[in-house]
């Protein structure tokens, strides 16, 4: 099964860059894995998933319910589709909507997409630094990604 690990975020917007940091750490530990760092979701992310059977997406998330730095792993299907019914432009579509459109057009897209989310708060401050709690969560998130890789191999 062809698998890709994608770190999402923006490395100059504080904690929003944590997805990239985790992806880079995974790449250093396992150079044989396909690892990407991307800044865009929606249709752009969907296009990058074409040709893969499985994907692990690492991203900052702000639920307001967890402690900053908490790492959570879940299926994409468990993520609320917040843009459904509210889309005003193509770049606003959620990943779920983009995947649906891609599949309707016949694109070979992953059947299994796992999210490794790191609870954050500071995602709009211009900074290349992560907060202490989010920086400390990187090894936990890396372990979650590697465990997911092993689970996918079974």
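Kindly list the number of the only condition in (1) under 15 Å from residue 119 (Cβ atoms); (2) at pLDDT below 85; (3) under 14 Å from the mean Cα position of the chain (by Cα) that fails for residue 94.
Of the numbered conditions (1) under 15 Å from residue 119 (Cβ atoms); (2) at pLDDT below 85; (3) under 14 Å from the mean Cα position of the chain (by Cα), the odd one out for residue 94 is (1).
Looking at segment 58-74 only, could you name the residues that are assigned to a strand (DSSP E or B) and at pLDDT below 90?
Of all residues in segment 58-74, those assigned to a strand (DSSP E or B) come to 58-61, 71-74.
Across segment 58-74, there are no qualifying residues.
Do you know which of the residues in segment 53-73 that are within 15 Å of the chain's Cα centre (by Cα) and under 24 Å from residue 102 (Cα atoms) is surrounded by the most Cβ atoms within 10 Å (Cβ to Cβ)?
That would be 58.
Please go through segment 20-34 and give me each residue that is crowded, with 21+ Cβ neighbours inside 10 Å and under 21 Å from residue 109 (Cα atoms), ordered by number.
If the condition is that a residue be crowded, with 21+ Cβ neighbours inside 10 Å and under 21 Å from residue 109 (Cα atoms), then 23 is the only one that fits.
Could you identify the single residue in 137, 141, 55 that is within 22 Å of residue 18 (Cα to Cα), in a strand (DSSP E or B), at pLDDT 85 or above and touching a helix residue (DSSP H, G or I) at 6+ places or on another chain (Cβ under 9 Å)?
Selected residue: 55, the only one of 137, 141, 55 that is within 22 Å of residue 18 (Cα to Cα), in a strand (DSSP E or B), at pLDDT 85 or above and touching a helix residue (DSSP H, G or I) at 6+ places or on another chain (Cβ under 9 Å).
Need pairs with beta-carbon distance below 6 Å; first residue at positive phi and modelled with pLDDT of 95 or more and within segment 27-45, second part of a strand (DSSP E or B) and surrounded by fewer than 14 Cβ atoms within 10 Å (Cβ to Cβ); sequence gap 6+ or separate chains.
none
The values are calculated or read from the model by the stated rules, or taken from the named source; none is laboratory data. These numbers were taken from a predicted model, which means no experiment stands behind them. All Cβ positions, even for glycine, are placed from backbone atoms using ideal geometry, and neighbour counts span all protein chains on display.
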